[in-house]
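A short worksheet on the structure shown next.
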Amino acid sequence: MTRAGSRTTAAWLWIPAFLLAAAVPFLQPSGFTMELLINVMIWAMLAYGLNVMLGYAGQLPLAHAGFFGIGAYTVGILTLKAGWSFWAAWPLAVALCALGGLLLGLVAFRTKGDAFAIFTLGVGVIIQQVINKWDDLTGGNDGLNGVPAPGGLDTFAQGLGLKTSGGFYLLALLSLALTVLVAARAQHSVFGRSLLAIRGGEDLARSAGIDVFSHKLRAMLLS
């Protein structure tokens, strides 16, 4: 089988895998199991985002957890304290994280190797400290309590005969599916192949006409 053929087969295998995963909440598993599976999918999305930088471009950013927190707290603060709908706060959180990644990349990509990893680690620690110390906004070490569920999620879950946790599960699964799709499309595009060339060697990639700084910046934004 050719490489393209095996890649297509692997891509199609994701479809039955996600369909089987979508059937899990209908089996009425325990609350602990549902919470565990939801968290697995959330962390899988974080891993896919990191893989865009580390796996494709060969860069090791250590600030991803910080941006993960920015996205989560943006949604929590807007829904809990500003009365926003989850569905309005979520896209804004995504945009804010992407903007943060862009600003980080503009500075961080002036460095390379260990210096890049250390710089991004420092940014991640700063974000963590701001979240922990800004009690009035973020709740500090206690976090945000009472964040409302996404509007309509209860009704959707009940319509399918599921508990609210089942609705959260399906939302997390859909989010993971979109993440996998975007990452796969990026990997097999000209942009993704350029990132793989950068991972192989930046000087060689430049000699092939690839704008290394621009591609790494776009990868950080997507990641």
message: Is it the case, given these coordinates, that I198 is over 30 Å from A17 (Cα atoms) and either assigned to a loop (DSSP other than H, G, I, E, B) or hydroxyl-bearing (S, T, Y) (or both)?
response: no
task: Check segment 108-125 and report whether any residue there is modelled with pLDDT of 90 or more, under 19 Å from Y73 (Cα atoms) and crowded, with 18+ Cβ neighbours inside 10 Å.
output: yes
- request: Kindly provide the set of residues from segment 187-213 that are within 22 Å of the chain's Cα centre (by Cα), modelled with pLDDT under 90 and crowded, with 18+ Cβ neighbours inside 10 Å, ordered by number.
  value: G192
task: Could you grab me the full set of residues in segment 131-143 that are among the aliphatic types (A, V, I, L, M) and either outside any helix (DSSP H, G or I) or under 21 Å from the mean Cα position of the chain (by Cα) (or both)?
output: I131
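Out of all the residues in segment 80-96, is one or more under 17 Å from S214 (Cβ atoms) and open to solvent by less than 60 Å² (accessible area, probe 1.4 Å)?
No - not one qualifying residue is present in segment 80-96.
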field: Extreme residue, nearest to I126 (Cα to Cα), among residues of segment 50-63 that are assigned to a helix (DSSP H, G or I) and open to solvent by 30 Å² or more (accessible area, probe 1.4 Å)
entry: L50
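Would you pick out the residues in segment 126-139 that are free of Cβ contacts under 8 Å to residues at least 24 places away in the same chain and surrounded by 13 or more Cβ atoms within 10 Å (Cβ to Cβ)? Please lay out each step first, then the result.
Residues of segment 126-139 that are free of Cβ contacts under 8 Å to residues at least 24 places away in the same chain, as a first pass: 129-130, 132-136, 139.
Once the filter is applied, which keeps residues that are free of Cβ contacts under 8 Å to residues at least 24 places away in the same chain and surrounded by 13 or more Cβ atoms within 10 Å (Cβ to Cβ), segment 126-139 yields V130, N132, G139.
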- request: Any residue in segment 166-178 that's crowded, with 18+ Cβ neighbours inside 10 Å: show its pairings with residues that are charged (D, E, K, R) and assigned to a helix (DSSP H, G or I) at Cβ separation under 8 Å, as long as the two are six or more apart or on different chains.
  value: G167/D154
field: Residue among G151, G146, G161 that alone is in a loop (DSSP other than H, G, I, E, B), over 30 Å from K81 (Cβ atoms) and open to solvent by 30 Å² or more (accessible area, probe 1.4 Å)
entry: G161
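The values are calculated or read from the model by the stated rules, or taken from the named source; none is laboratory data. Every value quoted in this text rests on a predicted model; they were computed, and no experiment measured them. Note that each Cβ is placed from the backbone with ideal geometry, even for glycine, and that neighbours are counted across all protein chains shown. Ligands, DNA and RNA are stripped out before the accessible areas are found, and what is left, the full protein with its side chains, is counted by its heavy atoms. Shrake-Rupley method; radii C 1.70, N 1.55, O 1.52, S 1.80 Å.
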